[in-house]
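The values are calculated or read from the model by the stated rules, or taken from the named source; none is laboratory data. These figures come from a predicted structure and were not determined experimentally. Please note: Cβ atoms are built from the backbone with ideal geometry, for glycine as well, and neighbour counts cover all protein chains shown.
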Amino acid sequence: MRERIPVVVQRNSRGRRVAARGLWTGAELVVTLGVVLLLLVVHQLWWTNRQARSGAEHQVRALQQEWGEESRGAGAVPGVDPGGGSGDSGGPSGSGGSGGASGGGRAARAAPRWDQAYAVIRIPRIGLAAPVAQGISKSGVLDKGYVGHYPRTAQPGRPGNFALAGHRNTHGEPFRYINRLRRGDRITVETRDAVYTYTVDRTLAGTSPRDGGVIAAVPRSNVKPYAGYTEAGSYVTLTTCTPEFTSRYRLVVWGKLVDVRSR
């Protein structure tokens, strides 16, 4: 009887090492990608907010200091800042408002320079105090944490629609909580000449970014005609993106002028 000789099959240890190295490299790449994405999120949600808020707060203080110095004898010329210009949109496109001429025999100031901060908006309900700048460009206005004034809409306190845009998320997000505003809430707008008080009147929870009717002189949605007004007046309009962290629709808050107090 013949003896059977066992045959031992040697596995390819080199192949296993190569496969293990490949898996390890792949895992490292996944972890690295995850860290990079996390840093990007932190930058967008934390750093841009911190940077923009700091700059916006500094601008508010600078405006108040400038106005205080003028009121103590720097020779401010009374009047209202008429608007003008154009810019890339962070809100509904188009406008039907008017910059509004100065009234009551008061001399009009020169139009604010493009991207210039020239007013301060305050909304006590949501703890907001932010500079208002001319135009709605992202780089020049909105990404600085400012609230932007839509070109060719009325200026504060003037007949027509004082229409504004602001970020809801990132870059200071001044309008993040305007969905919490309720009828009767105060919105004040300070300029070097006066303080204008509006009260919240109506809200449109969602409309198209192209719904220019919401910032018309008599604001009324072109998409949802039941939302808005039919009579002339002095309005303020706040617009921002909705839902949060998207720009698919626009959230709109309207208010009416109830008081004007000279400085």
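Can you tell me which condition Ala194 does not meet? The list is (1) within 23 Å of Ser139 (Cβ to Cβ); (2) of a type in the set (Gly, Ala, Ser); (3) modelled with pLDDT of 95 or more, and all the others hold.
(1)
With Asp201, Asp193 as the choices, which residue is more than 27 Å from Lys224 (Cβ to Cβ) and of a type in the set (Asp, Glu)?
That would be Asp193, the only listed residue that is more than 27 Å from Lys224 (Cβ to Cβ) and of a type in the set (Asp, Glu).
One line per residue, one yes/no per condition, for (1) over 17 Å from Val253 (Cβ atoms); (2) surrounded by 22 or more Cβ atoms within 10 Å (Cβ to Cβ):
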site: Tyr118; (1), (2): yes, no
site: Arg125; (1), (2): no, no
site: Pro131; (1), (2): yes, yes
site: Pro174; (1), (2): no, yes
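Determine which single condition Pro92 fails, assuming it passes every other condition in (1) in contact with a strand residue (DSSP E or B) (Cβ under 9 Å, 6 or more places away or on another chain); (2) at pLDDT 90 or above.
Failing condition for Pro92: (2).
Do we find a residue being at pLDDT 95 or above, of a type outside the set (A, V, I, L, M), within 18 Å of the chain's Cα centre (by Cα) and assigned to a loop (DSSP other than H, G, I, E, B) anywhere in segment 117-135?
Yes.
Which of the strands (runs of 3 or more DSSP E) found entirely inside segment 176-263 contain at least 3 residues meeting this: crowded, with 20+ Cβ neighbours inside 10 Å, under 16 Å from the mean Cα position of the chain (by Cα) and of a type outside the set (A, V, I, L, M, F, W, C)?
Of the strands (runs of 3 or more DSSP E) lying wholly inside segment 176-263, those with at least 3 residues that are crowded, with 20+ Cβ neighbours inside 10 Å, under 16 Å from the mean Cα position of the chain (by Cα) and of a type outside the set (A, V, I, L, M, F, W, C) span 234-242.
Quick check on Ala163: is it at pLDDT 95 or above, assigned to a strand (DSSP E or B), crowded, with 24+ Cβ neighbours inside 10 Å and in contact with a helix residue (DSSP H, G or I) (Cβ under 6 Å, 6 or more places away or on another chain)?
Working: at pLDDT 95 or above: yes; assigned to a strand (DSSP E or B): yes; crowded, with 24+ Cβ neighbours inside 10 Å: yes; in contact with a helix residue (DSSP H, G or I) (Cβ under 6 Å, 6 or more places away or on another chain): yes.
Answer is yes for this residue.
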